[in-house]
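Novice: After the structure tokens below, expect a handful of questions from me.
Coordinate-derived values only; no laboratory data. Because the structure is predicted, anything quoted here is derived from the model rather than measured. So basically every Cβ, Gly included, is an ideal-geometry build from the backbone, and we count neighbours across all protein chains shown.
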Amino acid sequence: MLEKEASAFDALIIAVPDHHHTHLLMAAMQMEKHIYCAKPITHTVEEARRVKSELLKHPRLVTKSSVQDSATPAARSTTEILNSGMLGAIRELHIWTDHPIYPCSLQRPMEKITPPDGMDWDMWIGPAPYRPFHSAYHPENWRPWWDFGSGTVGDMACHSFHIFFKELQLEAPETIYGSSSTAMRAL
């Protein structure tokens with residue numbers, strides 16, 4: 001479709017599940033199309049490195065990620081504090097994030113369910129490992145499954161990370177550590 005419609009558009013808005021982002025980003029950049037992409041830009045760190053490498057080959061392209069929290073009063077206040085110097089040199093940053101909307105650490109469903117009428121499950125799966133359709137994945141719960149999403153980090157952490165990354169002028173990390181908790185929030 002992109003190749004067929006290439007002359008009819010200048011920019012691509014990517015708003016599909018996370019596991020499709022890199023493939024569309026790479027195709028758009030190779031076609032010299034500007035990009036507005038839903039977060040997270042990529043599904044894995046390796047994909048992020050590939051996308052960055054490709055993007056550097058196209059310096060005229062305008063790219064933007066949809067991180068909505070960047071203009072909130074809290075984000076702007078954080079920026080003011082960081083830029084004021086009142087905290088001194090910042091040597092270490094810890095960010096905690098939570099996402100109570102969808103459950104994580106689920107058992108993969110074993111039964112097969114027929115996709116809803118009109119849904120092309122094979123197209124939705126795309127580059128992900130094939131899994132039979134199940135309502136545990138779609139329509140609303142695909143993000144906590146690594147095959148399709150990047151969990152809370154890819155979904156929510158970017159809203160916190162980006163402020164510090166930008167204002168502290170950080171570079172890409174050499175090492176990434178992650179941890180999780182099985183603690184449940186009290187309702």
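Novice: Report the gain in length on full extension from residue 10 to residue 54: 0.36 nm times residue separation, minus Cα-Cα distance, nm rounded to one decimal.
Specialist: Values: separation 44, 0.36 × 44 = 15.84 nm, distance 1.79 nm.
Taking 0.36 nm per residue and subtracting the Cα distance, the gain is 14.0 nm.
Novice: In addition: Give me D for the stretch 69-179 in µm² s⁻¹, whole number, from Stokes-Einstein with Rh from the Kirkwood sum over alpha-carbon pairs, 37 °C and 0.692 mPa s.
Specialist: 192
Novice: Taking 2.2 N^0.38 Å as the expected size of a compact globular protein, what ratio does the Cα radius of gyration of the stretch 2-66 give against it, to two decimals?
Specialist: Working: Rg = 10.9 Å, N = 65, 2.2 N^0.38 = 10.7 Å.
This ratio for the stretch 2-66 stands at 1.01.
Novice: Using a Cα distance threshold of under 17 Å, what count of lysine pairs results for the chain when pairs must be 8 or more residues apart or interchain?
Specialist: So the count of such lysine pairs works out to 10.
Novice: Rounded to the nearest 20 debye, what is the charge dipole size of the chain about its Cα centre when +1 sits on each Lys and Arg Cβ and -1 on each Asp and Glu Cβ?
Specialist: 260
Novice: Continuing with this model, one more query. Please arrange 52, 4 by how many other C-beta atoms lie within 10 Å of their C-beta, fewest to most.
Specialist: 4, 52
Novice: Based on other C-beta atoms within 10 Å, arrange 125, 41 from fewest to most.
Specialist: 125, 41
Novice: Just to be sure I understand: with springs between alpha-carbon atoms less than 10 Å apart, which residue in 102, 36, 137 has the highest mean-square fluctuation in the Gaussian network model of the chain?
Specialist: Ranking 102, 36, 137 by mean-square fluctuation puts 102 first.
Novice: Choose one of 178, 130, 113: the residue whose Cα lies farthest towards the positive end of the charge dipole of the stretch 69-179 (beta-carbon charges +1 Lys, Arg; -1 Asp, Glu; about the Cα centre).
Specialist: About the Cα centre, the residue reaching furthest to the positive side is 178.
Novice: Over the chain, with a Gaussian network built from C-alpha contacts below 10 Å, which listed residue (93, 106, 56) shows the highest mean-square fluctuation?
Specialist: Ranking 93, 106, 56 by mean-square fluctuation puts 93 first.
Novice: Can you bin every Cα-Cα distance in the chain into 10 Å intervals starting at zero and give me the percent of pairs per bin, rounded to whole numbers?
Specialist: Taking all Cα pairs of the chain, the binned fractions are 7, 29, 33, 22, 7, 1 percent.
Novice: Run the simple label-point estimate for residue 45 and residue 112 please: 7 Å along Cα→C-beta, distance reported in nm.
Specialist: Spacing of the two 7 Å Cα→Cβ label points: 3.7 nm.
Novice: Right, another one. Top mean-square fluctuation among 154, 118, 85, Gaussian network model of the chain, C-alpha springs under 10 Å?
Specialist: 118
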